[in-house]
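Engineer: For reference, the structure I am asking about is given below.
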Amino acid sequence: MSTPNGVHSFGSELRSCQLDGIRISETLMPIGLRLGEHSHEAGQICFVLEGEYRECASDGDHRFYPGALQFHVPGEPHSNIFSSESEVLTLLISIDSDRWVHIAARRPVTTDAILRDCTDEIRRELGQLDDAGRAALEGWAMLSLSALARRGDNIDWREPPWLREAVAMINQRATEPISLSTVATTIGVHRATLAAAFRQFKNTSVGEYIREQRVRYVMRELVSSKMPLCEIATKCGFYDQAHMGLVFRKAVGMSPGVYRSAR
């Protein structure tokens, strides 16, 4: 679907507003949607409200989770793969190139207090599309752009030392019953701080990283031992063989039994 200012929408717009050079919409992306390489004439800011998706853009591959923010400069090529488990709800702000400004921030962006306020106010104003509401929407949209543009000025993008400790802990203890809270408590940081750091520097969540390490353990056991699958599941931190099979197939593309037979 093509909108008046040249922005292509591939989901269902639940609520939207067209302004002068700005389009704002709450857009729901369907389960499992895959979009090949494409671009938008306008610049775009995307707040992820629910669900998750992957994207390949000019600066590499990224995963986006609720609370994350993505942006594209006008005409930037990118491709997307949306969650196969749930729909993805986004708040999209499309701004024509003549109103777009340079953004120094790196992607993905974790929303700070100002950007969260922008998100909340925009969603509220989408329900009040009178003249005052439209003026407010334009102001919040441009405030989002300016706040995002200034994020790169004073932010320290170096990976904190405690994040390396967290990664090392997960690598060593992935087969144990650990979680975001367990890791955060052990290394002495708030769980929200740890979650945000993983998304910023590792492009994944703590839970997903733990599952990835468990799959690595399973792969080693499948190749190096003749242990029954049910025992491997327990040894590698899964609830049971069925749970292991579900996670393994999603990560590797085949069942543990097929993987073992192939090797």
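Engineer: Hey, of (1) 48, 46, 42; (2) 48, 41, 40; (3) 69, 40, 31, which did the structure itself give for Cα extents along the principal axes in Å when calculated?
Structural biologist: (3)
Engineer: Calculate for the chain the 222 nm mean residue ellipticity that helices alone would give, adding -39,500 (n - 2.57) per DSSP H run of length 4 or more and normalising by residue count, nearest 500 deg cm²/dmol.
Structural biologist: Helices in the chain give a 222 nm mean residue ellipticity of -12500 deg cm²/dmol.
Engineer: Hey, another quick one. Within the chain, what whole-number % of the accessible surface is contributed by carbon and sulfur, with the 1.4 Å probe and all protein chains included in the calculation?
Structural biologist: 50
Engineer: Quick one: accessible area per residue over segment 107-263, 1.4 Å probe, rounded to a whole number of Å²? Walk me through the numbers on the way to the answer.
Structural biologist: Working: 8570 Å² over 157 residues.
Per residue, segment 107-263 has an accessible area of 55 Å².
Engineer: How far is helix 206-224 tilted off the main Cα axis of the chain, in degrees rounded to 10, range 0 to 90?
Structural biologist: Roughly 30 degrees, rounded to the nearest 10.
Engineer: Another one. Across segment 225-239, in residue order, what do the Karplus-derived ³J(HN,Hα) couplings come to in whole Hz, using 6.51 cos²θ - 1.76 cosθ + 1.60 with θ = phi - 60° and x for Gly and Pro?
Structural biologist: Karplus values, whole Hz, x for Gly and Pro: 9, 10, 4, x, 4, 5, 6, 4, 4, 5, 5, 9, x, 8, 5.
Engineer: Name the residue, out of ALA105, ALA135, ALA196, whose mean-square fluctuation peaks in a Gaussian network model built on the chain with Cα pairs under 10 Å.
Structural biologist: The residue with the greatest mean-square fluctuation here is ALA135.
The values are calculated or read from the model by the stated rules, or taken from the named source; none is laboratory data. No experiment lies behind these values; they were computed from the predicted model shown. Heads up: the accessible areas ignore ligands, DNA and RNA and are worked out on the full protein's heavy atoms, side chains in. Shrake-Rupley method; radii C 1.70, N 1.55, O 1.52, S 1.80 Å.
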